[in-house]
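Written below as structure tokens is the structure these notes are about.
The values are calculated or read from the model by the stated rules, or taken from the named source; none is laboratory data. No experiment lies behind these values; they were computed from the predicted model shown. Using ideal geometry, Cβ is built from the backbone for each residue, glycine included, and neighbour counts are taken over all protein chains shown.
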Amino acid sequence: MHGHRRVILETNLAEAFQAIQKATPLHPQFNICQELWDLLHQDWECDVQLIWRETNGCVDILAKEALGMATQSEILFVEPSLLALALAFDLQEAGSSRVVQL
């Protein structure tokens, strides 16, 4: 396997976070959870974190960019300029807590 070996998966949806942690076969999204578990158990270290919605600005930027795309999926080799600014800001705010404590 090539690429990143240490990954942080962040979500601002408490329901998704809890489902990834302990969904049962009766959960309505169990199939999606099963696919995530398969990915999480690959040859890498993945830390799943619940974060505050306000700190998830990069996702909002990418979602807005996706609305203007002509295809269903697109691989970005260079981040959009707005995303680069958000990532730079995120690095400056690294001292503030993004993680929600349950």
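Computed values, structure above
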{"quantity": "Filtered residue count, the stretch 1-25, keeping only those that are among the hydrophobic types (A, V, I, L, M, F, W, C) and either modelled with pLDDT of 85 or more or part of a helix (DSSP H, G or I) (or both)", "calculated": "5"}
{"quantity": "Top-ranked residue of the stretch 1-58 - restricted to ones that are closer than 25 Å to ALA88 by Cβ and of a type in the set (Lys, Arg), ranked as nearest to the chain's Cα centre (by Cα)", "calculated": "ARG53"}
{"quantity": "Some residue of the stretch 89-98 being in contact with a strand residue (DSSP E or B) (Cβ under 8 Å, 6 or more places away or on another chain) and modelled with pLDDT under 80", "calculated": "yes"}
{"quantity": "Scan of the stretch 44-53 for residues that are under 14 Å from GLU10 (Cα atoms) and in a loop (DSSP other than H, G, I, E, B), ordered by number", "calculated": "TRP52"}
{"quantity": "Residue satisfying all of: in the stretch 26-43; in a helix (DSSP H, G or I) and touching a Cys at 6+ places or on another chain (Cβ under 9 Å); surrounded by the most Cβ atoms within 10 Å (Cβ to Cβ) among these", "calculated": "LEU40"}
